[in-house]
There are 2 protein chains.
Amino acid sequence: MEQKQKSELTKQVILNESFKLFYRNGFKTTSIDKIMKATNLTKGAFYYHYKNKKELGVEVISSKIQKRVYDGMITPLYQDGNALEILEDTFSRRLKSFSLFDKQHGCPMNNFINEIADEEEAYQIALKRIIEEWKAALIHLIERGKKENTINKKYANNAIAIYLISAFEGIRGIRKLYNDDDILDDYILGLQLYIDQLKA
Amino acid sequence: MEQKQKSELTKQVILNESFKLFYRNGFKTTSIDKIMKATNLTKGAFYYHYKNKKELGVEVISSKIQKRVYDGMITPLYQDGNALEILEDTFSRRLKSFSLFDKQHGCPMNNFINEIADEEEAYQIALKRIIEEWKAALIHLIERGKKENTINKKYANNAIAIYLISAFEGIRGIRKLYNDDDILDDYILGLQLYIDQLKA
DNA sequence: CAAAAAACATACTAACTAGTATTTTTTATA
DNA sequence: TATAAAAAATACTAGTTAGTATGTTTTTTG
């Protein structure tokens, strides 16, 4: 294989295994040794490609986690159709579609936010970027809904977007505490109620 | 001093310093050594009073954190007055009243939930107990609001309670990513909008 | 006041940690 | 195909970790 491609592939392997272990066991308790054991490579390979663990953390956030949020929560917002229905569908269907593992381990982004965001500005910046993109996509959709007269114009776009995101991230954490999905059903009802009153 | 009292005092000192360090630096990265350095006691004292770090973690949750949530978010719900006003006041005023430190470090309970809840059932149970108490207090208040005809009877108590809690915990994390309170203002607007439509 | 129990201190272990220094292997290129 | 550069392996360091074993001091109690 060509060298550049192989090098890039190694980085991807490290990123993939890192993401999986961070998600399963948390950032701080996942050591470089454990990651490299999972890749079947050695520490030499790691420190050839990454300066330190912090740099890896930032890259996991800005590539793996960013993509995850993008695919699951942002891209669907750009579909055609009734804006309110898209909102409700995205925020509730996504929740229902999570695997048991994903329900038990919560949102990788939210885990990072609450485990390490207050420790390093680099993490903050990378995580904020995702939230800002998500927020922007929501505002765009809400704006469209207003133009098409399906969303009531009297409510601030920012406020709706942030309240939706907050509640979603909040419930992703709270669900960890339970052994069934009843709490998710409560959330979804609360969400529907919220979206209902945004109607024009 | 009487022995029992002194022993209890030592435990409280350890709990207080533990909570502070867990809140500032996270659970996993706070070692027993660091905690005992902060108390000016030694490891011998720690392992005389606690079986291991896990037992300490559970006790920090079920005493310090429980009390914090109780004082800040639950007790206010039992005040006299218009139920909706109490709801809005509790969820927004509390947010505004946080110190800069508390804004930067988020909610201690939410940090625990997202850092370690999925690792040990004992943590889950202790944390769930707090959420359940909070939820019950909210439901009680909403129920009263319905009886007094200030809250619309058509919405499910559970759903309202969980959506409020979720959004609050969510924004406590997200605020960590920012350097000012704009995002909190967005949240508060979103909250007001939510509460408005609960009116009877 | 002596013995026993409680409370704490000291010294240690074995495992794990991030990161470095050095060597070997693989690949590209002249 | 020889040489250089890239990629990865090996071996190491110095510090940290939870937890233990064994002391010493303090307090209680008979």
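Before moving on, here are some points about what is shown:
- Flag if A:TYR70 is more than 16 Å from DNA strand D (Cβ to nearest atom) and open to solvent by less than 60 Å² (accessible area, probe 1.4 Å): no
- The set of residues from the range A:28-74 being near DNA strand C (Cβ under 8 Å from one of its atoms), among the polar types (S, T, N, Q) and within 14 Å of chain B (Cβ to nearest Cβ) comprises A:THR29, A:THR30, A:SER31.
- Residue within the range B:119-128 that is open to solvent by less than 10 Å² (accessible area, probe 1.4 Å) and among the small types (Gly, Ala, Ser) present: yes
- With respect to the conditions (1) surrounded by 24 or more Cβ atoms within 10 Å (Cβ to Cβ); (2) not in a helix (DSSP H, G or I), B:LYS153 lacks only one, and its number is (1).
- Residue in the range B:129-140 that is in a loop (DSSP other than H, G, I, E, B), more than 10 Å from every other protein chain (Cβ to nearest Cβ), out of contact with any Leu (no Cβ under 9 Å at 6 or more places or on another chain) and not small (Gly, Ala, Ser) present: no
- Residue identified as modelled with pLDDT of 95 or more, open to solvent by 30 Å² or more (accessible area, probe 1.4 Å) and under 12 Å from the mean Cα position of the chain (by Cα) among B:GLU133, B:GLU88: B:GLU133
- Scope the range B:176-200; condition closer than 25 Å to B:PRO108 by Cβ and open to solvent by 60 Å² or more (accessible area, probe 1.4 Å); matching residues: B:ASN179, B:ASP180, B:ASP182, B:ASP185
- Residues satisfying the stated conditions in the range A:1-46, i.e. near DNA strand D (Cβ under 7 Å from one of its atoms), open to solvent by 50 Å² or more (accessible area, probe 1.4 Å) and either assigned to a helix (DSSP H, G or I) or of a type in the set (D, E, K, R) (or both): A:GLN3, A:LYS4, A:LYS6, A:LYS43, A:GLY44
- Sub-6 Å Cβ pairs linking a first residue in the range B:79-105 that is within 20 Å of B:LEU189 (Cβ to Cβ) to a second residue that is among the small types (Gly, Ala, Ser) and open to solvent by less than 30 Å² (accessible area, probe 1.4 Å), at least 6 apart or interchain, are B:ARG94/B:GLY72, ordered by first then second residue.
- The condition (being within 30 Å of A:GLN192 (Cβ to Cβ) and basic (Lys, Arg)) is satisfied by just one residue among A:LYS67, A:LYS37: A:LYS67.
- Residues that are closer than 22 Å to A:ASP196 by Cβ and either aliphatic (A, V, I, L, M) or buried (at least 24 other Cβ atoms within 10 Å of the Cβ) (or both), drawn from the range B:156-175: B:ALA156, B:ALA159, B:ILE160, B:ALA161, B:ILE162, B:TYR163, B:LEU164, B:ILE165, B:SER166, B:ALA167, B:GLY170, B:ILE171
- Any hit, the range B:50-57, residues being touching a residue at least 40 places away in the same chain (Cβ under 8 Å) and surrounded by fewer than 19 Cβ atoms within 10 Å (Cβ to Cβ): yes
- So B:LEU87, is it away from DNA strand D (no atom under 16 Å from the Cβ) and aliphatic (A, V, I, L, M): yes
- Screening the candidates B:LEU41, B:LEU21, B:LEU84 for the property of being of a type outside the set (Lys, Arg) and touching a strand residue (DSSP E or B) at 6+ places or on another chain (Cβ under 8 Å) yields one hit, B:LEU84.
- Residues in the range B:142-194 that are within 17 Å of A:ASN157 (Cβ to Cβ) and at the interface with another protein chain (Cβ under 7 Å from one of its Cβ atoms): B:ALA167, B:ILE171, B:ILE174, B:ILE183, B:ASP186, B:TYR187, B:LEU189, B:GLY190, B:LEU191, B:LEU193, B:TYR194.
- Which numbered condition A:ASN111 misses (of (1) within 14 Å of another protein chain (Cβ to nearest Cβ); (2) outside any helix (DSSP H, G or I); (3) more than 16 Å from DNA strand C (Cβ to nearest atom)): (2)
The values are calculated or read from the model by the stated rules, or taken from the named source; none is laboratory data. Since the structure is predicted, the reported quantities are computational estimates derived from the model, not experimental observations. In this analysis, Cβ positions are derived from the backbone assuming ideal geometry, glycine residues included, and neighbour counts consider all displayed protein chains. Remember, those area values only see protein heavy atoms, side chains included, never the ligands or the DNA or RNA. Shrake-Rupley method; radii C 1.70, N 1.55, O 1.52, S 1.80 Å.
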